[in-house]
Structures are given as structure tokens and as C-alpha cells.
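Peer 1: Below you will find the structure I want to go over with you.
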Amino acid sequence: MDLRSENVSVRFGGLLAIQDVSLTLGLGEILGLIGPNGAGKTTLVNLLSGFQRPHRGAILLDGRPLRTLRAHKFARAGVVRTFQAVRLFPRLTVSENVEVACVGAGVGRTAARALAREMLEYLGVGHRRHALAGGLNYGDERRVGLARALALRPRYLLLDEPAAGLNVGEADQLRVMIGDIRKKFGCGILVIEHNMSLIRRLCDRVHVLTTGRTLTSGSPGEVFSNPRVREAYLGSRTA
């Protein structure tokens, strides 16, 4: 059981953003996706979540091609993503922001309300559920974005820079939280991140992209000891 890309390529005009990239995310696995800016990380996640179609290659869920499906159908199939920019509706309450995502994925209103309350309590922001989302601080805003994704009961959860803007202590809390999400939901989790300390301590495997291609993949120890990774991404010393 896995979510995978098989030799996918994406071209934007004359730019080949992704070229022949194959990646596999298994159930219950935490996979880090790293690479320098412009390496193609977000484009690859767009492919895996239905926001972008490959020009070549295929996206498969448990062996079944998903190439022709749109993003909302990916979500209904269990592939859910977050965005670096959380994009909450500021004039809706915190609970309503989560409920809207549930209803959009086909959940009834009553069930959506119950799921929103459950996920907000789980992530420690249940006490803010009646507050307008526009008044949240940055950390709570990101928790609501994550609650919105978890309310869809993902089998595969794709997180786009979840530690962006967090301090060291907050990033460590996030690491613990993501580990707990794996235990609670049993889902596979892909993490795009520039925080190498978080990736080292959190992930089972790491996949490295550079200029739209796979540079290498393996355990954190293997990846961060690879001279090509240090040269292409981390500089002369590992971060």
C-alpha cells in the first residue's frame, strides 16, 4: 500500500520543472523531501495531490493510476495536503474553516462539525473554535490548517514546509506532533522542509531533489553523509 510517482515529468513552457522523478510513500512512513529552492519539491507535491498533472509518467495510489483525477478526488481517495500559506477564511470561525474543508470533501454538515471539534481539540486549539480565524496568531493558524487536513482522515498526508516561521522550541513540538499523527492515524506522511534538524530527527527516509531530478534517497544517515548532497544542497558541511 503506497502513494507513488513513476517517472513523472512536468514542463512549464520551456522549463522542465520535474524530470523522470520516481518517489514512493508507504503507509505509516515519514518521508522527508528536501532540496534547494527551485528544485521542484512543491511541483512534485502538486503532482502527488492532484493539483498538477504530469506531462509524462503517472501517479499511483495502491497501484491504481490517479492521473486523470482532480485535487478534490485525490482528497476523497485519502491523499491530503497542507500549504505553506495556510489560507484560512478570516471572517469564518476556526471551526467553520475546518467544517468547510470537510463538506467540500463530501462529509455531511453534522459530521463535519463533529470532526472539526475533534481535530481542533486534538491539536490543542479547541478553545479557539468559536473565534474568527483572522484573529489567530501564526502558530495557531498553522494548527488549524493541519486540523483541516486531518479532519479528512488522510491515508497519505503531504506537509509543505510545516516548520516555516517556527522557532526551535515550536519546531520540536511540531516534530513530536507529526510522530503522534503517524501513530494515531497510521498514515504515510511526506514532509517538505528546509529545517534539516527536523528532517534528521523525524524522517524514516529522505528524498533529495535538485534541478527537477532525484539526486539520491535513503535513510537520513545515508543522505546527509552523501558528498553530492553536501555539495548540491548543504554546502561543504551538513546543517
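The values are calculated or read from the model by the stated rules, or taken from the named source; none is laboratory data. Keep in mind it's a predicted model, so treat the numbers as computed, not measured. In this analysis, Cβ positions are derived from the backbone assuming ideal geometry, glycine residues included, and neighbour counts consider all displayed protein chains.
Peer 1: From 158, 132, which residue is at pLDDT 95 or above, crowded, with 21+ Cβ neighbours inside 10 Å and not basic (Lys, Arg)?
Peer 2: 158 is the lone residue from the list that is at pLDDT 95 or above, crowded, with 21+ Cβ neighbours inside 10 Å and not basic (Lys, Arg).
Peer 1: If you don't mind, another one. Which residue out of 98, 125 is free of Cβ contacts under 8 Å to residues at least 40 places away in the same chain and either hydrophobic (A, V, I, L, M, F, W, C) or crowded, with 18+ Cβ neighbours inside 10 Å (or both)?
Peer 2: 125
Peer 1: So which residues in the stretch 27-61 are of a type in the set (Gly, Ala, Ser) and touching a Phe, Trp or Tyr at 6+ places or on another chain (Cβ under 9 Å)?
Peer 2: Result: 35, 39, 49, 50.
Peer 1: Turning to a different aspect of this structure: Return yes when residue 39 is over 24 Å from residue 186 (Cα atoms), among the hydrophobic types (A, V, I, L, M, F, W, C) and part of a strand (DSSP E or B) and no when it is not.
Peer 2: So residue 39 fails the test.
Peer 1: Anything in the stretch 6-58 that is free of Cβ contacts under 8 Å to residues at least 12 places away in the same chain, closer than 19 Å to residue 82 by Cα and over 14 Å from the mean Cα position of the chain (by Cα)? List them, or say none.
Peer 2: Hit for the stretch 6-58 is 37, nothing else.
Peer 1: Would you confirm whether or not the stretch 112-121 contains a residue that is farther than 17 Å from residue 22 by Cα and part of a loop (DSSP other than H, G, I, E, B)?
Peer 2: No.
Peer 1: Take the conditions in contact with a helix residue (DSSP H, G or I) (Cβ under 6 Å, 6 or more places away or on another chain) and at pLDDT 90 or above and apply them to residue 144. Does it pass?
Peer 2: When the stated conditions are applied, residue 144 passes them.
Peer 1: Does the stretch 195-218 contain at least one residue that is touching a Lys or Arg at 6+ places or on another chain (Cβ under 8 Å), surrounded by fewer than 15 Cβ atoms within 10 Å (Cβ to Cβ), of a type in the set (Ser, Thr, Tyr) and without any contact (Cβ under 8 Å) to a residue 24 or more places away in the chain?
Peer 2: Among the residues of the stretch 195-218, not one is touching a Lys or Arg at 6+ places or on another chain (Cβ under 8 Å), surrounded by fewer than 15 Cβ atoms within 10 Å (Cβ to Cβ), of a type in the set (Ser, Thr, Tyr) and without any contact (Cβ under 8 Å) to a residue 24 or more places away in the chain, which makes the answer no.
Peer 1: Looking at 151, 232, 171, which one is in contact (Cβ under 8 Å) with a residue 40 or more places away in the chain and under 25 Å from residue 37 (Cβ atoms)?
Peer 2: Being in contact (Cβ under 8 Å) with a residue 40 or more places away in the chain and under 25 Å from residue 37 (Cβ atoms) holds for just one of 151, 232, 171, which is 232.
Peer 1: Quick one: how many residues across the stretch 69-95 are surrounded by 20 or more Cβ atoms within 10 Å (Cβ to Cβ) and in a loop (DSSP other than H, G, I, E, B)?
Peer 2: 2
Peer 1: So, in the stretch 172-230, how many residues would count as being at pLDDT 95 or above, within 24 Å of residue 143 (Cβ to Cβ) and among the hydroxyl-bearing types (Ser, Thr, Tyr)?
Peer 2: Of the residues in that region, 0 qualify.
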